[in-house]
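Step one of this worksheet: look at the structure below.
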């Protein structure tokens, strides 16, 4: 299976099959349909610990990406998402948590294959690509989904 999801939190109910589909869609959109990605859904405490350990940033965030490609491996990498952050952001924007999770998975997969959002111009390009991926199935995605994104 290209996407393996591990829900390691208990506060936010999630549809694992939808998360898997979101990851598969993002992988296909970046030309990695045969690739595999691991998705870990955690709480704020765990993502803060990971952010501190791996980036030296002592605060929580919404998504972390760890590219893990190696010659001969189908593994593209690992995406870690805070379900708590997804729920907060979804409430603030008035969108379903599931849609926010779709965005965070897509965002994480784009990071795995080299997209970056540290620079405002690059962030704009990345957000445009996210919109293309999320709307590729013909569904409508509200523009407010990109309002006030965490910048890391």
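Going by the conditions given, is residue 106 in a loop (DSSP other than H, G, I, E, B) and touching a residue at least 60 places away in the same chain (Cβ under 8 Å)?
Against the criterion (in a loop (DSSP other than H, G, I, E, B) and touching a residue at least 60 places away in the same chain (Cβ under 8 Å)), residue 106 does not qualify.
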Legend entry - Residues of segment 73-99 that turn out to be assigned to a loop (DSSP other than H, G, I, E, B), under 21 Å from residue 16 (Cβ atoms) and in contact (Cβ under 8 Å) with a residue 12 or more places away in the chain, as a count: 2
Legend entry - Identity of the residue in segment 1-26, touching a strand residue (DSSP E or B) at 6+ places or on another chain (Cβ under 6 Å) and within 20 Å of residue 137 (Cα to Cα), that ends up surrounded by the fewest Cβ atoms within 10 Å (Cβ to Cβ): 16
Inset, instruction - Quick one: residue 51 ticks every box in (1) surrounded by fewer than 18 Cβ atoms within 10 Å (Cβ to Cβ); (2) farther than 23 Å from residue 142 by Cβ except a single one, so which number is it? - result: (1)
Inset, instruction - For residue 32, work out the one condition from (1) more than 15 Å from the chain's Cα centre (by Cα); (2) part of a helix (DSSP H, G or I) it doesn't fulfil. - result: (2)
Inset, instruction - Would you please list the contacts, defined by Cβ atoms under 6 Å and residues six or more apart or on different chains, that run from a residue in segment 1-26 that is closer than 19 Å to residue 88 by Cβ to a residue that is at pLDDT 95 or above and part of a loop (DSSP other than H, G, I, E, B)? - result: 7/14; 9/43
Inset, instruction - Filter segment 54-72 for residues that are part of a loop (DSSP other than H, G, I, E, B) and surrounded by 15 or more Cβ atoms within 10 Å (Cβ to Cβ) and give the result. - result: 60, 61, 62
Inset, instruction - Tell me, please, whether a residue that is more than 13 Å from residue 62 (Cβ to Cβ), part of a loop (DSSP other than H, G, I, E, B) and more than 14 Å from the chain's Cα centre (by Cα) can be found in segment 128-135. - result: no
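Could you check, for segment 116-127, whether at least one of its residues is assigned to a loop (DSSP other than H, G, I, E, B), touching a helix residue (DSSP H, G or I) at 6+ places or on another chain (Cβ under 6 Å) and surrounded by fewer than 12 Cβ atoms within 10 Å (Cβ to Cβ)?
Among the residues of segment 116-127, at least one is assigned to a loop (DSSP other than H, G, I, E, B), touching a helix residue (DSSP H, G or I) at 6+ places or on another chain (Cβ under 6 Å) and surrounded by fewer than 12 Cβ atoms within 10 Å (Cβ to Cβ), which makes the answer yes.
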Legend entry - Of all residues in segment 74-95 being touching a strand residue (DSSP E or B) at 6+ places or on another chain (Cβ under 8 Å) and farther than 13 Å from residue 45 by Cα, the one that is surrounded by the most Cβ atoms within 10 Å (Cβ to Cβ): 79
Inset, instruction - Six or more apart or on different chains, Cβ under 6 Å: which pairs go from a residue in segment 114-135 that's touching a residue at least 24 places away in the same chain (Cβ under 8 Å) to one that's buried (at least 17 other Cβ atoms within 10 Å of the Cβ) and assigned to a loop (DSSP other than H, G, I, E, B)? Could you list them? - result: 123/117; 134/141
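The values are calculated or read from the model by the stated rules, or taken from the named source; none is laboratory data. This is a predicted model, so every value here is computed, not measured. A quick note on method: Cβ atoms are made from the backbone with ideal geometry, for glycine too, and the neighbour counts reach across all protein chains shown.
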